[in-house]
Amino acid sequence: MKKIFYFIALSLLGMAGAAAQTYESAQLLERCKQELLDISSKQVAIHDIVFNTDGHWLILYGDIGYSYSYIPSPLENMLVKLNSAGTDINKAVLLGDTSWVLLYDGNKYTSQSLPEGLTSDLESITKKDKPFKSVSFSSDKRVTLYGTNGFIAKGIPQRMAAKLAQLNNKKVSIRESAFYGSDGWVLLYGRSGLAFQNLPDDIVAVLQKFAKKGTPVNLVRFYGDKWVVVYDGYKVETNI
């Protein structure tokens, strides 16, 4: 009987820990939402929203503005340095507590503990002397956009790869990309072009609404089943 009680106690502790983590993530997301709405109310352009696996976030806005719940100290130090120097801060990716990349000043980047393949992609683009657009990464999938219509991709869904190739061949500007779950994705191109697949119904309805109106969507980001859409430069729609 003691072993059974011991197992039950461990199970209850595990459930309590999971509940506490879920509550903390919800609180972090709510803070992110409030920060986004505050920035949006000031009509300041929102350039990126980045989540790590714990729900911590980083928002890049204006030319040199940033706000965050938690980021690794080397990344924080770099943001302070760029902000103080008045250097444009463009995009970021948080892969973990010690793995990240920051794109800034057009074609420059700084990073820590990135997967080897992603580092090679960034170095290749730097040698081309082309400006970075964005980096999207999800487990074994990645897309790096650069220049007007350039891209480097690995492990992405077939339809996404086909769409990127089509846009590249037609010399259409490719602006942004994002991954959702195991096989969902979004591409933003041209002034208001949208392509996506295997997304939740609620965000599909939002994207279709904007596509019908010809409203430019600037950014789509996911954290689990939560999503944020930035449109018209600074406006925000989200299910957080």
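Distance between Cα centroids, segment 186-228 to segment 80-120: provide it in whole Å.
25
Using modelled amide H (1.01 Å from N, peptide plane; none on Pro or chain starts), what sits under 5 Å from the amide H of ASN218, excluding residues fewer than 5 places away?
VAL230, TYR231, ASP232, GLY233
Against the longest alpha carbon principal axis of the chain, how many degrees, from 0 to 90 and to the nearest 10, is the axis of helix 201-213 turned?
With rounding to tens, the tilt is 20 degrees.
Given H placed on each backbone N at 1.01 Å, which residues far from TYR70 in sequence or on other chains put an amide H within less than 5 Å of it?
Here TRP57 satisfy the definition.
How large is the convex hull of the C-alpha atoms of the chain per residue, in Å³?
Details: hull volume 34.8 nm³, N = 240.
Convex hull of Cα atoms, per residue: 145 Å³.
Note down the magnitude of the dipole of the chain about its Cα centre, charges +1 on Lys and Arg C-beta and -1 on Asp and Glu C-beta and zero elsewhere, to the nearest 20 debye.
740
Pull up the cross-link candidates among the lysines for LYS235, meaning alpha carbon to alpha carbon under 22 Å and not fewer than 8 places away within one chain.
Straight-line reach from LYS235, under 22 Å: LYS33, LYS42, LYS91, LYS133, LYS209, LYS212, LYS213, LYS226.
Give me a comma-separated list of calculated 3J(HN,Hα) values for segment 226-233, in order, Karplus coefficients 6.51, -1.76, 1.60 applied at θ = phi - 60°, integers in Hz, x for any Gly or Pro.
For segment 226-233, the Karplus-derived couplings read 8, 9, 9, 10, 9, 9, 6, x Hz, x marking Gly and Pro.
Below 14 angstrom from the Cβ of LYS128, what's the summed charge of the other residues (Lys, Arg +1; Asp, Glu -1)?
Every neighbour counted, the sum reads +1.
Taking θ = phi - 60°, what integer Hz values does the Karplus form 6.51 cos²θ - 1.76 cosθ + 1.60 yield along segment 100-105, in sequence order, with x for Gly and Pro?
7, 9, 10, 9, 8, 6
Counting only residues 5 or more places away or on other chains, whose amide H sits under 5 Å from the amide H of TYR180 once H atoms are built in the peptide plane?
Residues meeting the criterion, in which the H sits 1.01 Å from N, are TRP185.
May I ask you to evaluate 6.51 cos²θ - 1.76 cosθ + 1.60, the Karplus curve with θ = phi - 60°, for each residue of segment 134-148 and list the ³J(HN,Hα) values in order in whole Hz, giving x for glycine and proline?
Rounded to whole hertz, the list is 6, 10, 10, 9, 8, 6, 9, 10, 7, 9, 10, 9, 8, x, 7.
Identify the trypsin sites (Lys or Arg not before Pro) of segment 134-237 meeting these criteria: DSSP loop state and at most 15 other C-beta atoms within 10 Å of the C-beta.
Passing both the DSSP loop test and the Cβ count: LYS170, LYS171, ARG191.
No value in this document is a laboratory result; all are computed from the given coordinates. As the structure is a computational prediction, the values presented were derived from the model and not from experiment. All Cβ positions, even for glycine, are placed from backbone atoms using ideal geometry, and neighbour counts span all protein chains on display.
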